[in-house]
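Bear in mind these aren't lab numbers, they're just calculated from the coordinates by the rules spelled out. This is a predicted model, so every value here is computed, not measured. Every residue, glycine among them, receives a Cβ derived from its backbone with ideal geometry; neighbour counts consider all protein chains shown.
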Amino acid sequence: MSIQPVTRSGFVAVVGVPNVGKSTLLNRLVGQKLAITSPKAQSTRDRVTGILTRDDTQMVFVDTPGLLEPTVALQQVMRATALHALRDADVILHLVDATENKPATLAELASLSVPPRAPVLTARTKSDLLPETTREQLRLAASSHETVISAVTGEGIDALLTRLRELLPEGPFLYPEDDVSTQHLRFFAAELVRETTLEQLDEEVPHAIACVVEEFREDRNPVYIRAVVYVERDSQKRIVIGHEGARIREIGRAARLKIESLVSAPVYLDLWVKVLPNWRRDQAALRRLGYSLPEVPRS
């Protein structure tokens, strides 16, 4: 009679303030680009899953929008999405910026009146921005529930994975071992288009942009993708299109190259720009764009 090995699996919610490095860490952990990254805050608007299966352990990482106090309907959806991930997690990975002296606690950020059900591991990110002596001091001062990492250099990543494995419950794998995400290619294609706009546009315009893939035909060669970039005002539409269409062509060219890397095939990206007035403040428009409001967990 053979003895079946004990496996561990579960959901790891990656949470923290905007721009703390959640998406960069997710990409590092799964070994490929899934979540879009940008120096502009609030680039992550929805939960993005990345699956890492290694030996006897399967970790389903959930990258979440940054925890902030909402001022518009879109930010309410983003906060609710992050809180929902907290409620459903088997382990919570709370990222804090190592360069900050007194970062807010998870309880403060999430307005928790009682501790979360899942164990919490705090990771101090961006350690590569600190002098080696400071990094060493942080490592020595870290408790059993803390770790020091850099998603850029890989410092502390192996130790982080070891600690997460210890916190995960025993159980069978939740997904096939070769899966890397639970989301479809069209979701990632839309995100890559939006990432490209973040890279190429300044100030307020990127925050007013949403992208929806309306058609995704993998049975064509090249793969045919029709995507719509939504903005809130005509003036923003003119900026995105650019003089004689120069800007939207460049966005389309750069986004197409990223999507081709994702799908490992030639892509024809048919890109359009449309105005959806004040969509960030309109719940009906948010639902139309795929931003659903999950149930907010009660503390």
Exercise. Rank these for me by crowding, Trp279, Trp272, going from fewest to most other beta carbons within 10 Å.
Key: Trp272, Trp279
Exercise. For each of Glu244, Glu146, count neighbouring Cβ atoms within 10 Å of the residue's Cβ, then give the residues from fewest to most.
Key: Glu244, Glu146
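Among Val114, Val152, rank each residue by its count of other Cβ atoms within 10 Å, from fewest to most, as a rough exposure measure. Walk me through the numbers before you get to the answer.
Working: Val114 7, Val152 15.
Ordered from fewest to most neighbouring Cβ atoms within 10 Å, Val114, Val152 come out as Val114, Val152.
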Quiz item: Once a ≥ b ≥ c are taken as the square roots of the eigenvalues of the Cα gyration tensor of region 152-237, is the result rounded (a/c under 1.5), prolate (a/b larger than b/c) or oblate (a/b not larger than b/c)?
Solution: oblate
Exercise. Provide the descending list of Cα extents for the chain along its principal axes, expressed in whole angstroms.
Key: 61, 51, 41
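Taking the Cα centre of region 8-167 as origin, sum charge times position over the Cβ atoms of Lys and Arg (+1) and Asp and Glu (-1), and report the length of that vector in debye to the nearest 20. Intermediate results must be reported in sequence, preceding the final value.
Values: 18 positive and 17 negative charges, 61 e Å.
Roughly 300 debye for region 8-167.
Given the rule -39500 (n - 2.57) for each run of at least 4 DSSP H residues, summed and divided by the residues of the chain, what is its mean residue ellipticity at 222 nm, to the nearest 500 deg cm²/dmol?
-10000 deg cm²/dmol
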Exercise. Obtain the nm distance between the two label points defined at Ser264 and Glu136 by a simple spin-label model: each point lies 7 Å from its Cα along the Cα-to-C-beta direction.
Key: 4.4 nm
Self-check item: For the chain, with +1 on Lys and Arg beta carbons and -1 on Asp and Glu, the positive-most of Thr162, Leu67, Pro116 along the dipole
Solution: Leu67
Quiz item: For the chain, what are the DSSP H helices with axial Cα length of 20 Å or more and mean Kyte-Doolittle hydropathy of at least -1.0?
Solution: 73-88, 185-200, 246-263
Self-check item: Karplus (6.51, -1.76, 1.60) ³J(HN,Hα), θ = phi - 60°, over region 48-64, in Hz, Gly and Pro reported as x
Solution: 10, 9, x, 10, 10, 10, 9, 6, 9, 10, 10, 10, 9, 7, 10, 6, 10
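To the nearest 20 debye, what is the magnitude of the charge dipole of the chain about its Cα centre, counting +1 on the Cβ of each Lys and Arg and -1 on the Cβ of each Asp and Glu?
700 debye
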Quiz item: Given a cut-off of under 8 Å on Cα pairs at least six residues apart, what relative contact order in percent is computed for the chain?
Solution: 19 percent
Quiz prompt | the chain - share of DSSP beta bridges that are antiparallel (%, nearest 5) | solution = 35 percent
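Rounded, prolate or oblate for region 165-299? Axes are the square roots of the Cα gyration tensor eigenvalues, ordered a ≥ b ≥ c, and the cut-off for rounded is a/c under 1.5. Please list the in-between numbers first.
Numbers: a/c = 2.26, a/b = 1.32, b/c = 1.71.
Oblate, because a/c is 1.5 or more while a/b does not exceed b/c.
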Quiz item: For the residue pair Glu215 and Val114, what label-to-label distance in nm results when each label sits 7 Å from Cα along the Cα-to-beta-carbon direction?
Solution: 5.2 nm
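Report the charge-dipole magnitude of region 5-82 in Debye, nearest 20, computed about the Cα centre from +1 at each Lys and Arg Cβ and -1 at each Asp and Glu Cβ. Could the numbers behind the result be given before it?
Working: 9 positive and 5 negative charges, 32 e Å.
For this selection, approximately 160 debye.
Using the Kirkwood radius built from alpha carbon pairs, what does the Stokes-Einstein equation give as D for region 219-299 at 25 °C and 0.890 mPa s, in µm² per second? Write down the numbers at each step before the final one.
Details: Rh = 14.8 Å.
The calculation lands on 166 µm²/s.
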Self-check item: Three-way shape label, region 94-192, alpha-carbon gyration tensor, a/c 1.5
Solution: prolate
